[in-house]
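> Can you read through this structure? Questions will come right after.
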Amino acid sequence: MKNVTAIYFSPTGGTKSYVRAVARGIADDFREIDLTNRETRAKEHLFSPDEIAVIGVPVYYGRIPQLPDELLRGLTASHTPAVFVVVYGNREFDDALLELSDLCEKQGFYGAAACAFVAQHTFSPKIAAGRPNEEDLTIAEAFGREIREFMEAKDAKPLSLPGDRPYRSFTVAPFTPKGDKSCTGCGTCVRICPSGAITAEAPRETDAKKCIRCLVCVRACPAGARRVGGPVYSMVKHKLEKELTKTEKEARLFLP
Ligand SMILES: Cc1cc2nc3c(=O)[nH]c(=O)nc-3n(C[C@H](O)[C@H](O)[C@H](O)COP(=O)(O)O)c2cc1C
């Protein structure tokens, strides 16, 4: 089997779990590239035609996350097969899979397979609570095995994916996390922020233009000093909980 690389952008870990599961299904051994890390994103990563990449991102506003720097700019492939993975919080993935596929093609990958999975929503632990669970990861791993068998048996054909061009337009959520008095200035959030929206000089503040609202700083703060507050966030959260807790969506799997 070809060398496999699991590549993910995953501030709160849902995408990472799914990408690893698909990669594990393709091969027991695989390497990992974590694009959530700004330094890793800035490095050059080269791929040859006899490798396979599993590339995953979360869905934000029905699109892929819009980073101030380009998410995949460090990846250079040369007709390398790739599995595209999008992970969403039980609403919809809209144009995200198509956008990820377009972006990967620009970097030199071609689509061998694709999938969309559900994970707990960043804005509420009540939405798709605890997902991915064991069953989700079993499905993802089994899909990895199916991809391996499919690639061994058949010639590459174009993938057909759902989504529209131009992609969905959206308005960025009108709230950002902030630090309170209990902030010790330890710098965890500065290091961990995937978009460089927090500075060591003013760690309680957040640059609203750079912030992608992934909330990893809220989860990672050792002092529990960072949170999103205010009536708008409460309203959005409440509305999402009302709409998205009735039923949970299943995995969507795509082969050529
Ligand atoms: C800014 C933002 C926008 C989001 N937009 C959507 C969306 O359009 N549809 C959806 O189902 N989930 C949406 N989500 C939920 C995430 O896709 C979901 O929580 C995902 O698991 C996060 O991935 P991660 O755990 O790898 O960081 C959004 C989350 C954030 C932070």
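The values are calculated or read from the model by the stated rules, or taken from the named source; none is laboratory data. Everything quoted here is computed from the prediction, not taken from an experiment. In this analysis, Cβ positions are derived from the backbone assuming ideal geometry, glycine residues included, and neighbour counts consider all displayed protein chains. Heads up: the accessible areas ignore ligands, DNA and RNA and are worked out on the full protein's heavy atoms, side chains in. Shrake-Rupley method; radii C 1.70, N 1.55, O 1.52, S 1.80 Å.
> Divide by every residue of the chain the summed helix terms, -39500 (n - 2.57) for each DSSP H run of at least 4, and state the resulting mean residue ellipticity at 222 nm, rounded to the nearest 500 deg cm²/dmol. Please report the intermediate quantities before stating the final value.
Numbers: 7 runs with 73 residues, N = 256.
Dividing the helical sum by the residues of the chain leaves -8500 deg cm²/dmol.
> In debye to the nearest 20, how big a dipole does region 178-228 give about its Cα centre with +1 on each Lys and Arg Cβ and -1 on each Asp and Glu Cβ?
180
> Can you tell me the equivalent ellipsoid semi-axes for the chain? Use √(5λ) from the Cα gyration tensor, largest first, whole Å. Please report the intermediate quantities before stating the final value.
Values: eigenvalues 198, 85, 53 Å².
After diagonalising the Cα gyration tensor, the semi-axes are 31, 21, 16 Å.
> For region 1-93, with only Lys/Arg (+1) and Asp/Glu (-1) charged at the beta-carbon, what is the dipole magnitude about the Cα centre, in debye rounded to 20?
Values: 11 positive and 11 negative charges, 50 e Å.
Value, rounded to 20: 240 debye.
> Tell me, what are the semi-axes, in whole angstrom and largest first, of the equivalent ellipsoid of region 173-217 as set by the roots of 5 times the Cα gyration tensor eigenvalues?
After scaling each eigenvalue by five and taking roots: 16, 11, 9 Å.
> Now for a different question. Could you give the size of the charge dipole of the chain about its Cα centre, using +1 on the Cβ of each K and R and -1 on the Cβ of each D and E, expressed in debye and rounded to the nearest 20? Mind dumping the intermediate values first?
Values: 36 positive and 33 negative charges, 226 e Å.
Dipole size: approximately 1080 debye.
> List the residues, sorted by chain then number, that are 5 or more residues from Ile127 or on another chain and whose placed amide H is less than 5 Å from its amide H.
Residues meeting the criterion, in which the H sits 1.01 Å from N, are His121.
> Using a Förster distance of 25 angstrom, determine the FRET efficiency expected from the C-beta separation of Ala220 and Asp28, and round it to 0.05.
On the way: r = 31 Å, r/R0 = 1.23.
After rounding, the FRET efficiency stands at 0.20.
> If packing is taken as the average number of other Cβ atoms within 10 Å across a peptide's residues, how do 120-127, 4-11 rank, most packed first?
Ranked by mean Cβ neighbours within 10 Å, highest first: 4-11, 120-127.
> With the full set of protein chains in place, find how many percent of the accessible area of region 1-135 is carbon and sulfur; take the probe as 1.4 Å.
On the way: 2110 of 4930 Å².
Using a 1.4 Å probe with all protein chains present, region 1-135 comes out at 43 percent carbon and sulfur.
> Another one. Roll a 1.4 angstrom probe over the protein heavy atoms and tell me the percent of accessible area of region 178-228 that is carbon or sulfur.
Working: 1470 of 2710 Å².
Ligands and nucleic acids excluded, carbon and sulfur reach 54 percent.
> What accessible area per residue comes out for the chain, rounded to a whole number of Å², with a 1.4 Å probe? List each step's numbers first, then the result.
Details: 12540 Å² over 256 residues.
Per-residue accessible area for the chain comes out at 49 Å².
> Placing +1 on the Cβ of each Lys and Arg and -1 on the Cβ of each Asp and Glu in the chain, which of Ala142, Cys211, Ser160 has its Cα farthest towards the positive end of the resulting dipole?
So the residue furthest toward the plus end is Cys211.
> Just name one of Tyr88, Phe254, Pro174: the one whose Cα is farthest towards the positive end of the charge dipole of the chain (beta-carbon charges, Lys/Arg +1, Asp/Glu -1).
Pro174
> How do 208-216, 157-165 rank on mean C-beta neighbours within 10 Å, highest first?
Result, highest mean Cβ count within 10 Å first: 208-216, 157-165.
> Set the Förster radius R0 to 25 Å, insert the Cβ-Cβ distance between Val232 and Ala129 as r into 1/(1 + (r/R0)^6), and round the FRET efficiency to 0.05.
After rounding, the FRET efficiency stands at 0.60.
> No partner Cβ under 4.7 angstrom, meaning no disulfide-compatible partner by this rule: which Cys of the chain qualify?
Cys104, Cys115, Cys183, Cys186, Cys193, Cys211, Cys214, Cys221
> Of Leu67, Ala42, Phe9, whose Cα points farthest to the positive end of the dipole of region 5-68 (charges on the beta-carbon: +1 Lys, Arg; -1 Asp, Glu; origin at the Cα centre)?
It is Leu67.
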